[in-house]
Each structure stands twice: as structure tokens, then as C-alpha cells.
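What follows is one structure encoded as C-alpha cells, with my remarks underneath.
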Amino acid sequence: MEEALLHGDVVNIEAKRMELEEQNLSRSDIREQLTTQYRAFSRKKAFTCPCCDEPVNMNLTVDDGRPFYFKHLDGKKCTYSENSKIYETQTSTHQDKKKKDIGLTVFKEILEGQLKPFGAEIERGYFYKKKLSFIPDFIVKFPFSKEVWALDYYTSISHGSYAHNLEKRMNTYKAEGFRTFAFIDDFWLAVNAETDKGTLLIAEMMVANKGEEDQIWDQFLIKEIPNAALHFLKTEIADLLSPIDTRSIAYVNIENRSCKLVRFIEVEKNNRNLTFYKLSEPAIPLERALTLNTKHDNLLLYRENEEELRKAFKQSLMEKMKQAELEEKAKIEALEKLQREDAEKKAAFEKVQSESEERSRLYHESLRKADEEVEQEMLQRSKAANERPVSMSPEEWEWYKKTGRTFSKKSNWSTQTQPVYVYETTAEKMAKEQRAKFKEKLLSHPIKGDHFIDGPPANWHGYILKWIKAHQQGENLTVSMKKLLNDMKAFGFSFNQKDAIVQYPLQEFLTFYQRGLKKELKRKIDITFIE
């Protein structure tokens with residue numbers, strides 16, 4: 001054991017060693033100084049066990065690294081020595097010992113200042129007269145109550161098994177009849193200021209408090225918050241679990257001697273951690289947190305006029321709900337606007353499509369009528385040609401009809417032996433000349449983009465005419481621009497622009513050919529362009 005009583009005062013011999021060691025004294029010098037200071041008291045059995053009041057002997061070990069300690073003269077162990085050993089093991093295993101030692105010094109100073117005026121007996125947990133499997137940091141007893149308080153300051157709660165460890169600790173305290181008070185170092189406080197949501201380790205929930213002020217918050221949420229706002233809180237903000245159960249945890253900043261009381265309601269839980277929604281986070285001095293209330297039955301783990309915090313929470317919740325409603329309204333209006341714009345675009349597209357279909361219909365109707373006129377003209381020419389005797393030239397036949405004569409198979413025209421001439425009819429001659437003129441026009445007609453293709457334009461114009469003849473099927477011509485471009489390249493043509501640009505003069509030439517064929521030669525061709 002590190003502590004013993006001397007004239008009613010506690011002497012921590014290991015703490016004395018550490019103090020002198022910080023003064024850069026050697027171990028032998030430290031032993032010599034403490035021997036001079038305490039050895040006579042040890043020989044006179046003035047040091048006694050804080051637990052059993054039996055005399056103990058001071059042991060100043062020689063080897064570096066070994067602690068100084070007190071030991072019962074008879075070698076026996078009391079509950080203090082056993083509890084002290086358990087406490088040291090648990091602290092070194094699960095806690096930040098350096099931070100905890102500093103924190104417990106502050107806690108002891110404040111507890112003695114705040115509670116001793118009420119006759120409170122404050123001692124370290126390992127001085128408890130009964131052996132415990134888990135030792136609290138402080139045990140507090142009051143002359144006016146049989147209730148024993150167990151107070152702990154936790155500096156580390158992140159160990160994987162610590163939740164199970166804390167569960168066992170709480171069960172031990174409960175079995176012993178302790179009333180528990182837990183304070184966690186604020187290093188572990190994790191709250192998102194933007195959403196007011198935070199995360200707790202399962203171990204933290206083991207030490208969460210359910211005090212009178214938490215119960216007041218429960219009633220406030222159920223009775224004072226309008227149903228619509230409470231529904232908004234449960235579904236839109238936090239997706240709360242039912243029923244509402246407000247809890248609180250005290251987070252301590254030792255350097256500032258302050259305490260934050262985080263009140264929250266549970267949102268979601270898994271086997272690793274818990275998500276909560278923060279209701280309030282008042283900061284109070286640690287002195288207040290460790291002070292008795294007016295009833296002398298609890299600590300002041302709440303802020304004065306905490307009703308103001310509830311009013312502020314309600315106002316904030318109503319504003320959030322209103323803002324959410326405005327955002328939802330704006331979202332609906334934006335959606336309706338988008339739907340109207342889509343409908344207008346669709347109507348405009350359908351109008352353009354209808355007009356395009358009408359233009360296409362009129363175009364094909366004009367082509368059909370033109371084709372009928374060409375066919376009618378060709379029929380008349382064919383009929384006229386059938387009426388003319390084979391032996392007569394068209395000029396002779398015209399003269400014969402103009403004279404009003406009636407043709408007879410017995411006339412000299414048919415009975416006389418005539419020389420056979422191989423000649424073209426006037427119609428055939430005219431058609432041939434017309435085709436030649438049309439071809440010449442195609443070869444020489446300027447096309448926008450002629451210069452995209454290297455060489456004289458007449459060269460590629462002529463190639464296209466041959467390509468049409470090779471690929472035309474009846475009155476239909478399907479043009480794959482990719483194939484046409486590749487065929488031209490294979491034939492030896494070169495382009496000074498990208499294929500995507502060269503295809504435009506090719507399309508214009510084919511369209512010019514289609515229109516000219518109909519107009520000049522009275523012939524029809526349907527051209528379809530594909531990728």
C-alpha cells in the first residue's frame with residue numbers, strides 16, 4: 001500500500017518519492033531524506049493502516065523502478081491493501097493514469113471544500129472497509145444519511161472490452177447499495193454542431209444519468225412541444241426511438257474546472273456505438289457540479305433557470321420546422337415549374353414535329369404529282385410512237401398528219417421497198433442531249449465545300465455519279481456517308497478536312513442531283529441518308 005496514517009493525516013510514501021525525484025535527487029538521496037524524516041515514526045509504529053488501524057512498516061526499496069510502500073508488520077493483508085492493489089491494476093489497465101491523478105487531485109480539493117461543511121466523510125474508494133471487485137475513485141458518506149455515494153472520473157473509455165467492464169462495475173456498485181456519480185473527461189465529447197447529433201460509445205451509456213432534470217425534459221417534450229413539431233423532431237431531424245427517454249452525461253474539463261451537462265435522446269444504436277440527438281449542453285463550474293442541492297440528496301447537476309434552455313430549444317425546433325416547410329414548398333414549386341417547362345418544351349417539339357410532318361407530306365405529294373405528270377407524258381409519247389409506222393421518220397409522220405392524209409397499209413409507204421436506216425428518233429435524241437446537258441451541269445455546278453476535297457471538283461462530282469449508278473436500286477438510293485467517304489478514300493481522293501465536315505458538300509451534291517433529276521429529266525429517286 002502506498003498510503004498510511006500518521007497522527008490522523010494521510011502520508012503517501014510513493015507520492016513523496018515522486019516529488020523528490022522531480023527535484024533531480026538520486027534514489028539514495030531520496031531514501032536518505034525520507035529515512036531522516038520518517039524512520040523514527042516507523043520504528044515507533046506510528047504509521048497505521050487507514051483501513052484496519054493496525055501498525056504498518058515503511059519500506060524504501062533500493063532498486064530503481066520499484067515503488068516505496070507500507071506493509072503490515074504481521075505480513076497480513078487487509079481490505080485496504082487488497083482494494084488498493086485492485087484499484088491500481090484497473091487504473092493502469094483502463095485509464096490515463098497521469099491525467100487521472102491530476103483530475104482526482106482537483107476533485108478531492110473541490111469535494112472537500114463543497115461537501116465537508118455538511119459533515120461529509122470523503123475518502124478514496126480503496127479505503128472502503130469491505131473488499132470490492134471494482135473500486136470507485138471516491139466514497140462519500142453523510143452523517144444525515146445512510147446512503148453511500150460512489151464517485152468516478154473516467155479519462156479513457158475506448159477499450160473494446162471496457163463496456164463489459166463498466167457493466168460489471170455498475171452491477172458491483174448496485175449490489176453494494178452505492179449511489180453512483182460518473183464524470184467523463186471532455187476529450188470524449190463528440191457532438192456535431194451543425195446537426196446537434198452526437199456519438200456515444202456503449203461504455204458511455206453505462207454511466208449515463210437519469211436525474212430529476214432529465215425527467216422534467218421528458219414531460220416538456222411530451223406536453224409542451226406541439227404534436228406537429230414533435231413529429232417533425234422524431235421523423236425529419238433525428239428519427240427518434242420511442243418512447244422519449246432523456247438522459248444526461250457530465251463531461252469535465254479539468255484545466256478549466258468546468259463541467260458540460262449534455263442532455264440527449266437516443267436515435268440509433270448498434271453493437272459499437274450509439275447516435276444521440278442533443279437537447280441542451282449547459283456548461284457549469286465543476287464546483288457547482290460537486291455541490292449538494294438544497295434537499296441534500298443530490299449534486300447540482302443542472303444549470304440555474306434551465307427552463308430557459310427548454311424555451312430556446314422549443315423556439316429553435318419551431319424555426320427548423322418552418323424552414324423545412326419553406327424548403328419543401330420551394331421544392332414543390334420548383335418541381336411544378338420544371339414540369340410546366342417540360343410540358344411547354346414537349347408542346348413546342350410536337351408542334352415542330354407536326355409542321356415537319358406536314359412539310360414532308362406536302363413534299364411527297366408534290367413528288368407524287370410530278371411523277372404522275374412524267375408518267376402521263378411518257379404514256380402520251382409512247383402512244384404517239386406506237387401510232388407512227390416503223391418505216392416513217394417522226395418528221396415524215398408529222399408531215400403526213402398535217403396534210404390530213406389517212407395512213408393505209410396498202411399505200412406505197414408500206415408496199416414499196418424502202419431502204420433501212422438506223423437512226424434515233426427525235427425524242428430519243430432530245431432525251432440524250434438533255435441527259436448530257438444535265439451531266440455537264442452536275443460536273444460543273446459549284447457546291448459549297450468543294451475545296452474540302454483535293455483536286456478539281458468535277459473529278460469527285462463524276463465519281464459520285466458513278467457511285468450512284470452502282471448503288472441505286474430502282475428508284476431508291478441508300479447512302480451511308482461512312483461507306484461513301486471510305487470508298488472515295490480507297491479510290492484515291494484525299495480530304496483536307498475531317499470526315500464529319502466533308503460529308504456536308506457530299507450531301508448537298510446528292511440533294512442537288514435528286515432535285516435536278518426530277519426537274520430536268522422528269523425522273524424520280526428517293527435518297528435515304530444513314531450513319
(Q) Which count do you get for residues in segment 427-456 that are assigned to a helix (DSSP H, G or I), more than 30 Å from Ser382 (Cα to Cα) and open to solvent by 50 Å² or more (accessible area, probe 1.4 Å)? (A) 2
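Just to verify a result, which residue in segment 54-109, among those that are among the β-branched types (Val, Ile, Thr) and farther than 20 Å from Phe134 by Cα, is nearest to the chain's Cα centre (by Cα)?
Out of the qualifying residues, it is Ile102.
Which one of these is surrounded by fewer than 19 Cβ atoms within 10 Å (Cβ to Cβ), under 24 Å from Pro136 (Cβ atoms), within 32 Å of the chain's Cα centre (by Cα) and among the charged types (D, E, K, R): Asp239, Asp186, Asp245?
Asp186
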**Q.** Unique match (being surrounded by 13 or more Cβ atoms within 10 Å (Cβ to Cβ) and within 16 Å of Leu442 (Cα to Cα)) among Leu477, Leu484, Leu465
**A.** Leu465
**Q.** Inter-residue pairs, beta-carbon under 8 Å, first assigned to a helix (DSSP H, G or I) and in segment 512-525, second charged (D, E, K, R), 6+ apart
**A.** Gly516/Lys441; Leu517/Arg523; Leu517/Lys524; Lys518/Lys524; Glu520/Lys437; Glu520/Lys441; Leu521/Arg435
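So that you can scan it fast, the table gives a plain yes or no per residue for (1) on the phi > 0 side of the Ramachandran plot; (2) in a helix (DSSP H, G or I); (3) in contact with a strand residue (DSSP E or B) (Cβ under 8 Å, 6 or more places away or on another chain):
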position	(1), (2), (3)
Val10	no, no, yes
Met18	no, yes, no
Leu25	no, no, no
Arg39	no, yes, yes
Ser42	no, yes, yes
Pro50	no, no, yes
Asn57	no, no, yes
Val62	no, no, no
**Q.** Selection count where residues are within 15 Å of Thr155 (Cα to Cα) and modelled with pLDDT of 90 or more, scope segment 186-206
**A.** 6
Q: Name every residue in segment 248-286 that is open to solvent by 60 Å² or more (accessible area, probe 1.4 Å) and outside any loop (DSSP other than H, G, I, E, B), in order of residue number.
A: Lys260, Glu268, Lys269, Ala283, Pro285
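Quick grid of which residues meet (1) open to solvent by 90 Å² or more (accessible area, probe 1.4 Å); (2) part of a helix (DSSP H, G or I); (3) at pLDDT 90 or above:
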{"position": "Lys322", "(1), (2), (3)": "yes, yes, yes"}
{"position": "Ile332", "(1), (2), (3)": "no, yes, yes"}
{"position": "Lys337", "(1), (2), (3)": "yes, yes, yes"}
{"position": "Ala347", "(1), (2), (3)": "no, yes, yes"}
{"position": "Ser354", "(1), (2), (3)": "no, yes, no"}
{"position": "Arg359", "(1), (2), (3)": "yes, yes, no"}
{"position": "Glu365", "(1), (2), (3)": "no, yes, no"}
{"position": "Arg368", "(1), (2), (3)": "yes, yes, no"}
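Here's the yes/no breakdown for (1) in contact with a helix residue (DSSP H, G or I) (Cβ under 7 Å, 6 or more places away or on another chain); (2) buried (at least 16 other Cβ atoms within 10 Å of the Cβ); (3) polar (S, T, N, Q); (4) over 23 Å from Lys98 (Cα atoms):
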site: Lys16; (1), (2), (3), (4): yes, yes, no, no
site: Glu22; (1), (2), (3), (4): no, no, no, no
site: Ser42; (1), (2), (3), (4): no, yes, yes, yes
site: Cys51; (1), (2), (3), (4): yes, yes, no, yes
site: Glu54; (1), (2), (3), (4): no, no, no, yes
site: Asp74; (1), (2), (3), (4): no, no, no, yes
site: Thr79; (1), (2), (3), (4): no, yes, yes, yes
Q | Residues (touching a residue at least 12 places away in the same chain (Cβ under 8 Å) and surrounded by 12 or more Cβ atoms within 10 Å (Cβ to Cβ)) located in segment 227-236 | A | Ala229, Phe232, Leu233, Glu236
Q. Any idea which of (1) over 60 Å from the mean Cα position of the chain (by Cα); (2) modelled with pLDDT under 90; (3) within 29 Å of Ile122 (Cα to Cα) is the one Arg43 doesn't satisfy?
A. (3)
Q.
Can you tell me how many residues within segment 493-509 are open to solvent by 60 Å² or more (accessible area, probe 1.4 Å) and either among the charged types (D, E, K, R) or touching a Leu at 6+ places or on another chain (Cβ under 6 Å) (or both)?
A. 2
Q: Hey, could you check segment 293-311 for residues that are open to solvent by less than 80 Å² (accessible area, probe 1.4 Å) and without any contact (Cβ under 8 Å) to a residue 24 or more places away in the chain and say which is farthest from Phe181 (Cα to Cα)?
A: Asn293
Q | Selected residue (criterion: farthest from Glu306 (Cα to Cα)) from residues of segment 209-226 that are open to solvent by 20 Å² or more (accessible area, probe 1.4 Å) and not charged (D, E, K, R) | A | Pro226
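The values are calculated or read from the model by the stated rules, or taken from the named source; none is laboratory data. On a predicted model such as this, the values are computed, not experimentally measured, just so you know. Please note: Cβ atoms are built from the backbone with ideal geometry, for glycine as well, and neighbour counts cover all protein chains shown. Areas reflect the complete protein model, heavy atoms only, side chains present, ligands, DNA and RNA absent. Shrake-Rupley method; radii C 1.70, N 1.55, O 1.52, S 1.80 Å.
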